[in-house]
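Okay, so here's the structure we're looking at.
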Amino acid sequence: MKAYAFAGTISHGTMRREDLAPKFVREARRRFEEIQADGAPDPYSEESLLELERLLAQFERDGYDDAGEFMEELFNFLDERAPSGYYFGSIDGDGCDYGWWTSED
């Protein structure tokens, strides 16, 4: 498995679902393709990613009022793909700075 140097911000300065969801889905696609290229095991199938992309399109069309569960799925999708020593979420001390961060575990 290759070494990753990708700790850092994906989105900063907003907690609005309509701002975060498109960025997170793009990042999910990027990370999924990176894992596939490495031949590493993936905890989700491509169908799961396609479902997230389909749901994003639906929320973009209909609004994000009921997108809480969708956002939770996005966080899980990304966090479960974090390489050893990293996590996906907000950084300590700044709840609106989302990205890949080194973990202390």
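The values are calculated or read from the model by the stated rules, or taken from the named source; none is laboratory data. Keep in mind the model is a prediction, meaning the values are calculated, not measured. Please note: Cβ atoms are built from the backbone with ideal geometry, for glycine as well, and neighbour counts cover all protein chains shown.
Does segment 6-15 contain at least one residue that is part of a helix (DSSP H, G or I) and exposed (fewer than 13 other Cβ atoms within 10 Å of the Cβ)? No: zero hits. Among the residues making up segment 13-26, a single one is farther than 12 Å from F70 by Cα, modelled with pLDDT of 95 or more and touching a Gly at 6+ places or on another chain (Cβ under 9 Å): D19.
For D62, the criteria (1) of a type in the set (D, E); (2) modelled with pLDDT under 95; (3) over 13 Å from the mean Cα position of the chain (by Cα) hold in every case but one, which is (2).
For segment 16-38, the candidate set comprises residues that are touching a Lys or Arg at 6+ places or on another chain (Cβ under 9 Å) and crowded, with 16+ Cβ neighbours inside 10 Å; within that set, the residue that is nearest to L55 (Cα to Cα) is A28. Summed over segment 76-105, residues that are among the hydrophobic types (A, V, I, L, M, F, W, C) and either within 11 Å of E27 (Cβ to Cβ) or touching a Cys at 6+ places or on another chain (Cβ under 7 Å) (or both) total 4. If you go through segment 75-90 and keep only what is within 16 Å of T9 (Cα to Cα) and part of a helix (DSSP H, G or I), you end up with F75, L78, D79. Cβ separations smaller than 6 Å between residues 6+ apart or across chains give no pair from segment 72-90 residues that are within 16 Å of P22 (Cα to Cα) and without any contact (Cβ under 8 Å) to a residue 12 or more places away in the chain to residues that are assigned to a loop (DSSP other than H, G, I, E, B) and charged (D, E, K, R). In this entry, F75 is excluded by the filter for residues that are at pLDDT 95 or above and of a type outside the set (D, E, K, R).
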